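Step one of this worksheet: look at the structure below.
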Amino acid sequence: MRKLPKTAIAAIFALCPAAPAQAAEILETLDGKWSGSGWARHKPGAERETVRCRISGIYRQTDRRLTLKGKCASPGRSGRLDGYVEPVDKADTYAGRWSNPFGAGSTMVHGRNRGDAITFRFKFRDRETDETVNGIMVWTVRADRFTIATGDVSGGKAAILSEIEFQR
Amino acid sequence: MSNKDSGAGGLTISGFGLEYPGLFAIQHPRIAAMVLIALVASALASLASIRFDDNIQRAMSSNSVYARDYRAFEQGLGTKTSDFIVLVASNETFGPAELERLRDMTLDVALLDDVLTVLSPFSARFAKNHEQFPGAPVFPQDISTETLTDRLPAYRAGNMNQPEMISPDGRIMIVTIAVDPANGRARLRDTHADIIETLSDYTGDGFTLTVTGEDAIAFEIVGGLQRDLITLNLLGCLIALFMALLIFGDLTVALVAVVPAILGTLTALSLFVLFGLPMTVISNVIPVLVLVLGLADSIHLTMYFKKSPADLSAKERAELSIREIGPACGLTALTTAIAFAAVAMVDNEQLREFALIGGLGVMVSYVVVIMFFAFLAPLCVGAKAGRSRGDWFKVPPLIGRLVLSRDRAIMVASALIAAASIWGFLRTEPWFHFNAYLPVNSEIRQANEKINETFGGFFRMWHELDLTGDETSGDDWQRLTALTDTVAAAAPDYTVVSLVTIARWFGRPETMPDRTDLSDLPESILTQFLSLDGNTARVVTFAPEPMANRQTLETHDRIERAAGNAGAIRTVGFPVILRHEPAIVIGQLEVSLIAACLIAVALVALAFRWPALLVVLVVPNMLPLILTAASLHLIAGGLLNPTAMMALTIAFGIAIDDSIHFINRFRLERARGHDVDQALNIAIDRTGRVMIATTLLISAGLLVTLTSPFTMVRLFGIMLILTFITALLADLVLLPALLRQKWVRS
């Protein structure tokens, strides 16, 4: 995977409120039902559109796996959100599979925890251009809310594609 | 005791053995009691399992070409959806804050589990080649005043006939919610409830929200039916008791007449459960009909019991009543059952179910009534012989005098009335107003009218065009373009959508959009425009119900003609069914009415072994029907719908009952040695008063239909009452006038 530009990461992190949360507890914190609202854009440069989501997080103690399932909708479109994340052997790192409700499809994600945030990287194929896109997704987790922000960091430029804040 | 004992001789009626259940109950009271208790107990236990029909399309489920085409179309559609339509209405123009709230509402609905897509003004987008806002949503994330002054007008200017989902004055909006129906009706009902619950979070924000659509209408009808069934039956029972009390002037005797009828109705109701059939708007009237008919039988029997010789024991008097009146009651039940059964000739599931349950219900109720009477009369009425208040219902002596002195004049006058009525009936117009199947106070009914007024309608019609597959010639595209434009020209106020309008929206009207262009469309929407195999293109018209008014009917017919002329191989959809099916059903009901008439009359003639009755019974029983049909000009604006036609068929089966009782009495009196005029006078006087009492009773019982919120149930009740009253007059005046004729007696 290509290394992410620092500006991209900085831009996405700027969206996420900083708050204390223990890295080890992050996944477990997301257990339960969540309602989210925010925005998303179809592609870099496109107008923002309102998004609302309703998801459930199920944390399994045995393998410390968090499964997130739910549905997101923007005007005229809706899709299932489905994925799981679990810690890997290496400290503060995670791996999983993530399904974007708006067309990126199912893709493997790899993440690293820093403070109260986990930054995931993934690749997907753009259906219109048929090019591979480098994606980034940042989860910022607090006790009663969390944020998922995604961005396109292909070609060395960062474009934020969505930001959705979830509350219980 | 035999017929000869009663003095009736060989001239008495044959009840085809239908009096035997009553005689059996007298001879074997314990066995009969056990049978009746078991029957009533199982009927009571089954009441909780009665279910109501919530599938609107079943009302139009015939084998006509229109219904077959629609079914074939739906099967070929692939992804099928159930669409709920939300009407949002406000007294003020929606401002930015309200619009943002409403957008959140549409998104919350979209998050429900079985919801596939939600189309609203917020899902509208500019064309990809739009100069100012290429591909952008019409309503951006932050809705401002500028959105309403700049973007919305810009979208409308280049709309290319895409569905308008917000009214020009910005006060009304529609939202279409496509739901996956694959999980069954129960799950669909839950989703409907979830949608309403989600919307309830947004009501009170200065706008009203109403959920409509085919399935929402069905669920609303079911709610109304459940309330209606309870109201009709409770009120029916109360009125029946009141009338019986009025007639007999004694609570015990009134209960003897009413209780068997109520138990008979309960047993008839249980037939729905026994056959696993749901109740519908049409069959909702069956219990009330069965109740009043059972009560009429009860009153005939009880009145005869009270007048029977006091020197006989109570058991003998009950037996005499059953032998003398039972056959006539059995025959009246049979003719009514025949009228119900005749409705089964109509190629329609719901009407056939109505025929089955109605026909069997009447017979089952008759058996229960006559058996209970056999029990209760000796026990409860016993020595209460003599006059009853039923004697109040005297036939005016004038009628007897008129019949005996002016029989020819009566026949001429009747012929003139019949001719005028036929003329009136022929000028009625087959009509089916779908909205009239909703309760009158239904918010959905008003919402549908508002949607028709503002947006043209929400029912979809598909005009299908076979594609040759020769893309190089562009012929397919030209033909599809011509079809789209022709349909749009035929219905300028309706929304017409096809691949052509989508291509125009893309900014490439000359070429058919390819699969990549269309990839953003959900499959459930794409298949509306192009069949899964790509061989059939479809133009979709959003239309109101065709017979909402004359203008909508003209437009509908114009659309169908225009589509056919422009090459559409067929036009399908619920509006097409609503347009053509009722006329077919009415035609079939006309045949069923004639069949019911012929069979019932032949049966009665056979029962009396009197061939002349084949003619004599038709005249006084058809005249009230034609008169009632002609009266549709006064009570329904001259519009003849299937319910009215069916009411006439059932009315015939009941109206002939009085004729049977009258002729029965006439034959009994003749057998007792009276001459024709004496026998007629006695029949007019004695049976006439019972006929008046039962007609008033049945009509009063049917008055409860006027409390129904369903227009069709009210119309059914009004037509029956009108028929019974005119039939009573015909039986008291025209029937005896005919019976005086020598050719009849010979």
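Summary of computed values
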{"item": "Strands (runs of 3 or more DSSP E) within the stretch A:16-129 that include 1 or more residues of a type in the set (Gly, Ala, Ser) and modelled with pLDDT under 85", "result": "A:77-87, A:93-100, A:105-114, A:117-125"}
{"item": "Within the stretch B:477-495, considering residues that are in a helix (DSSP H, G or I), among the β-branched types (Val, Ile, Thr) and under 37 Å from the mean Cα position of the chain (by Cα), the one nearest to B:Gly456 (Cα to Cα)", "result": "B:Val487"}
{"item": "Any hit, the stretch A:139-160, residues being part of a loop (DSSP other than H, G, I, E, B), within 14 Å of chain B (Cβ to nearest Cβ) and at negative phi", "result": "no"}
{"item": "B:Gly223 vs. criteria of a type in the set (Gly, Ala, Ser), part of a helix (DSSP H, G or I) and buried (at least 18 other Cβ atoms within 10 Å of the Cβ)", "result": "no"}
{"item": "Condition met for B:Ala216 (assigned to a helix (DSSP H, G or I), exposed (fewer than 15 other Cβ atoms within 10 Å of the Cβ) and either away from every other protein chain (no Cβ under 14 Å) or within 34 Å of the chain's Cα centre (by Cα) (or both))", "result": "no"}
{"item": "Any hit, the stretch B:114-122, residues being more than 12 Å from every other protein chain (Cβ to nearest Cβ), among the hydroxyl-bearing types (Ser, Thr, Tyr) and either outside any loop (DSSP other than H, G, I, E, B) or surrounded by 20 or more Cβ atoms within 10 Å (Cβ to Cβ) (or both)", "result": "no"}
{"item": "Every pair of residues 6+ apart whose Cβ atoms lie under 7 Å, when the first sits in the stretch A:61-78 and is within 20 Å of A:Asp92 (Cβ to Cβ) and away from chain B (no Cβ under 14 Å) while the second is among the hydroxyl-bearing types (Ser, Thr, Tyr) and surrounded by fewer than 22 Cβ atoms within 10 Å (Cβ to Cβ)", "result": "A:Arg65/A:Tyr84; A:Leu66/A:Tyr59; A:Leu66/A:Tyr84"}
{"item": "Verdict on B:Phe84 being modelled with pLDDT of 85 or more, surrounded by 15 or more Cβ atoms within 10 Å (Cβ to Cβ) and out of contact with any helix residue (DSSP H, G or I) (no Cβ under 6 Å at 6 or more places or on another chain)", "result": "no"}
{"item": "Residue ID - surrounded by the fewest Cβ atoms within 10 Å (Cβ to Cβ), chosen from residues in the stretch A:136-168 that are free of Cβ contacts under 8 Å to residues at least 24 places away in the same chain and farther than 19 Å from A:Cys53 by Cβ", "result": "A:Gly155"}
{"item": "Residue count, the stretch B:511-522 (criterion: more than 11 Å from chain A (Cβ to nearest Cβ) and touching a helix residue (DSSP H, G or I) at 6+ places or on another chain (Cβ under 8 Å))", "result": "4"}
{"item": "Helices (runs of 4 or more DSSP H) enclosed by the stretch B:654-746 - at least 2 residues per element that are surrounded by fewer than 24 Cβ atoms within 10 Å (Cβ to Cβ), at pLDDT below 90 and not aromatic (Phe, Trp, Tyr)", "result": "B:688-702, B:711-729, B:742-745"}
{"item": "Qualifying residue in the stretch B:93-108 (condition: within 14 Å of chain A (Cβ to nearest Cβ) and either assigned to a loop (DSSP other than H, G, I, E, B) or of a type in the set (S, T, N, Q) (or both))", "result": "yes"}
{"item": "Filtered residue count, the stretch A:79-95, keeping only those that are away from chain B (no Cβ under 14 Å) and more than 26 Å from A:Glu28 (Cβ to Cβ)", "result": "0"}
{"item": "Candidates B:Ile569, B:Ile626, B:Ile635, filtered to the one that is surrounded by fewer than 19 Cβ atoms within 10 Å (Cβ to Cβ) and closer than 29 Å to B:Leu734 by Cα", "result": "B:Ile635"}
{"item": "Enumeration of residues in the stretch A:49-73 that are farther than 19 Å from A:Ile26 by Cβ and in contact with a helix residue (DSSP H, G or I) (Cβ under 7 Å, 6 or more places away or on another chain)", "result": "A:Thr50, A:Arg52, A:Ala73"}
{"item": "Residues of the stretch B:321-356 classified as out of contact with any Phe, Trp or Tyr (no Cβ under 8 Å at 6 or more places or on another chain), surrounded by fewer than 20 Cβ atoms within 10 Å (Cβ to Cβ) and part of a helix (DSSP H, G or I), total", "result": "4"}
{"item": "Test: B:Arg323 is free of Cβ contacts under 8 Å to residues at least 60 places away in the same chain and out of contact with any strand residue (DSSP E or B) (no Cβ under 6 Å at 6 or more places or on another chain)", "result": "no"}
{"item": "Cβ pairs under 9 Å, 6+ apart, first in the stretch B:275-296 and over 14 Å from B:Leu696 (Cα atoms), second small (Gly, Ala, Ser) and part of a loop (DSSP other than H, G, I, E, B)", "result": "B:Asn284/B:Ser708; B:Val285/B:Ser708"}
{"item": "Test for B:Ala38: is it surrounded by 16 or more Cβ atoms within 10 Å (Cβ to Cβ) and assigned to a helix (DSSP H, G or I)", "result": "no"}
{"item": "Residues of the stretch B:456-475 that turn out to be modelled with pLDDT under 85 and not in a loop (DSSP other than H, G, I, E, B), as a count", "result": "1"}
{"item": "Of residues in the stretch A:37-58 being more than 10 Å from chain B (Cβ to nearest Cβ) and of a type outside the set (Ser, Thr, Tyr), the one surrounded by the most Cβ atoms within 10 Å (Cβ to Cβ)", "result": "A:Gly57"}
{"item": "Residue count for the stretch B:124-138, restricted to those that are facing chain A (nearest Cβ under 7 Å) and either aromatic (Phe, Trp, Tyr) or crowded, with 23+ Cβ neighbours inside 10 Å (or both)", "result": "1"}
{"item": "Residue within the stretch B:193-200 that is closer than 28 Å to B:Trp505 by Cβ and in contact with a helix residue (DSSP H, G or I) (Cβ under 9 Å, 6 or more places away or on another chain) present", "result": "no"}
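The values are calculated or read from the model by the stated rules, or taken from the named source; none is laboratory data. Note that this is a predicted model, so its numbers are computed, not measured. Heads up, the Cβs are rebuilt from the backbone with ideal geometry, glycines too, and the neighbour counts pull from every protein chain shown.
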